[in-house]
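Undergrad: Sharing a structure here in structure tokens format.
The values are calculated or read from the model by the stated rules, or taken from the named source; none is laboratory data. This is a predicted model, so every value here is computed, not measured. Cβ coordinates were reconstructed from backbone atoms using ideal geometry, including for glycine residues, and neighbour counts include every protein chain displayed. What goes into the accessible areas is simple: the full protein's heavy atoms, side chains included, and nothing from ligands, DNA or RNA. Shrake-Rupley method; radii C 1.70, N 1.55, O 1.52, S 1.80 Å.
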Amino acid sequence: MSKDDKHNGFQKNLIKRGEEASKVRKIVAIIIVCFTLIIIIGSISGYIYINSALEPVDEDNSTQVEVEIPIGSSSSTIAGILEENGIIKDARVFRFYTKFNNVNEFQAGNYTFNTAMDMDEIIESLQHGRVIIDAVHTVTIPEGLTVDQIAEIYSKQLDFSKEDFLEVANDPDFIEELMEKYPSLLTEDILDDEIRTPLEGYMFASTYDFYEEEPTIESIIDRMVEQTNSIFQQYEGEIAERDLTPHEAITFASVVEKETAHEEERPQIAGVFYNRLDEGIELQTDPTVLYAKGEHQAVVTFEDLEVESPYNTYFVKGLPIGPISNFAENSLKAVVSPEDSDYLFFLHDEDGNIHFAETFEEHIENREKYIN
């Protein structure tokens, strides 16, 4: 091969390598540009998404959502609960945002949020353990009330009549729905033909906040029964150990509730009732007579004691057929943890003090001493 040929070949290879290097540079440049564009687009998209996730789910919708944050919940758990309930858009963004801002020590409890709240508002509420939204209505239902009395209270504070409330409370289809929702609490016993009001005793005494202008009667009753169910479940095992059905336990608690307003006396009274049940003696408690009559009276007469009703514990042995009012938790607690004694009788004097007796003779002496 001549020198010219070698020179030409070298020149061709040099040109070829230059062209290949140029292609490589172009490819690398394109890759870098594409990668840069991907990073930029990804960053912008991520920024937009995160900003969107920090904003309210629906700022034009003030729908109220009740959320429970259990004790000991981690940020991840709380984020999941909030996303599941539609309060935030993305649990991951909540976790990253709280971690980035060094936010911690959230408070457990029951909250009412709405979908118009932004991330900062939600976090502020969780940190201080308070509900930012004010209740539209607050209704207090005391202990020892019947469904009829409960209906009266609601009708005075909300936009429906007492009759409307009672109609829903006694609606067979609605009661069936509640029985399916709370099967361990609401049993077939409440459907007995002689039961006056199926949900009597099952609407828990408490203060209820409502965040809607016009809550439905169904939602109100459901919430009250749910509260009873929550309390009942805490004592379900002890109730079973006492060989009581759920209906018997609720009935028993309502009778104890009506016998005294003093919490410390309730275990004593429950103990007396157990002793009478064991002895096969009628409970003979006046509040059941008044419920049987469906009237409020200051004094129960001897004639009243003879009213024939499955609620009248002078007429029937054992517990009445159903609850005679709602109850406080301590009344149910007294039923499962009564005070042991040999007492079979008790009475209240004019000052409200209670006096117990083991025999009927002692009971008569107490009556003569403290009442007559």
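Undergrad: Please list, by residue number, every one of the GluC sites (Glu not before Pro) in the stretch 207-246 that is coil in DSSP and has at most 11 other beta-carbon atoms within 10 Å. Please report the intermediate quantities before stating the final value.
TA: Values: sites: E212, E213, E218, E226, E236, E238, E241; in loops: E212, E213.
Taking the stretch 207-246 and a limit of 11 other Cβ atoms within 10 Å, the loop GluC sites (Glu not before Pro) found are E213.
Undergrad: Here's a follow-up. Calculate the dipole size of the chain relative to its Cα centre from +1 charges on Lys and Arg beta carbons and -1 charges on Asp and Glu beta carbons; express the result in debye to the nearest 20.
TA: On the way: 27 positive and 75 negative charges, 996 e Å.
Dipole of the chain, to the nearest 20 debye: 4780 debye.
Undergrad: If I stretch the segment between K293 and E339 completely, what's the gain in nm (0.36 nm per residue apart, minus their alpha carbon distance), one decimal?
TA: Once the chain is fully extended between K293 and E339, it gains 13.5 nm.
Undergrad: With respect to the cross-link table entries K162/K333; K258/K293; K181/K258, which display a Cα-Cα separation exceeding 24 Å?
TA: K162/K333; K181/K258
Undergrad: At a threshold of 8 angstrom on Cα-Cα distance, excluding pairs fewer than six apart, so keeping six or more, what relative contact order does the chain reach in percent? Don't skip to the answer; put the middle values down first.
TA: Numbers: 507 pairs, mean separation 48.6, N = 372.
Relative contact order comes out at 13 percent.
Undergrad: Just to be sure I understand the rule: take each whole DSSP H helix in the chain, project its Cα atoms onto its long axis, keep it if the span is 24 Å or more and its mean Kyte-Doolittle hydropathy is at least -0.5. Which ones pass?
TA: Span-like helices here: 3-54, 217-234.
Undergrad: Taking Rh as the Kirkwood radius computed over C-alpha pairs, what is the Stokes-Einstein D of the stretch 78-169 at 25 °C in a medium of viscosity 0.890 mPa s, expressed in µm² per second?
TA: Once the numbers are plugged in, D ends up at 153 µm²/s.
Undergrad: A follow-up question, please. Suppose all protein chains stay in the model; what accessible area per residue would a 1.4 Å probe give for the chain, in Å²? Before the final figure, lay out each step's value.
TA: Numbers: 21230 Å² over 372 residues.
Averaged over the residues of the chain, the accessible area is 57 Å².
Undergrad: Still on this structure: Ratio of Rg to Rh for the chain, alpha carbon only, Kirkwood?
TA: 1.36
Undergrad: Follow-up question, since we're still on this one. Based on alpha-carbon centroids, what's the gap between the stretch 144-201 and the stretch 295-372 in Å, whole number please?
TA: 26 Å
Undergrad: Considering only DSSP states other than H, G, I, E and B, which GluC sites (Glu not before Pro) in the stretch 52-126 qualify as loop sites with at most 15 other Cβ atoms within 10 Å?
TA: Here the sparse-neighbourhood loop sites are E59, E105.
Undergrad: Normalised by the number of residues in the stretch 116-203, what is the relative contact order in percent for Cα pairs under 8 Å and 6+ residues apart?
TA: Relative contact order, the stretch 116-203: 23 percent.
Undergrad: If I model a spin label as a point 7 Å beyond the Cα along the Cα-Cβ vector, how far apart are those points for E180 and E212 in nm?
TA: 1.9 nm
Undergrad: Using the crude model of +1 on Lys and Arg Cβ and -1 on Asp and Glu Cβ, and no other charge, please compute the dipole size for the stretch 255-347 relative to its Cα centre, in debye to 20.
TA: For the stretch 255-347, the charge dipole is close to 240 debye.
Undergrad: So, counting K/R as plus one and D/E as minus one, what does the shell of residues with Cβ under 11 Å around V307 add up to?
TA: Net charge around V307: -4.
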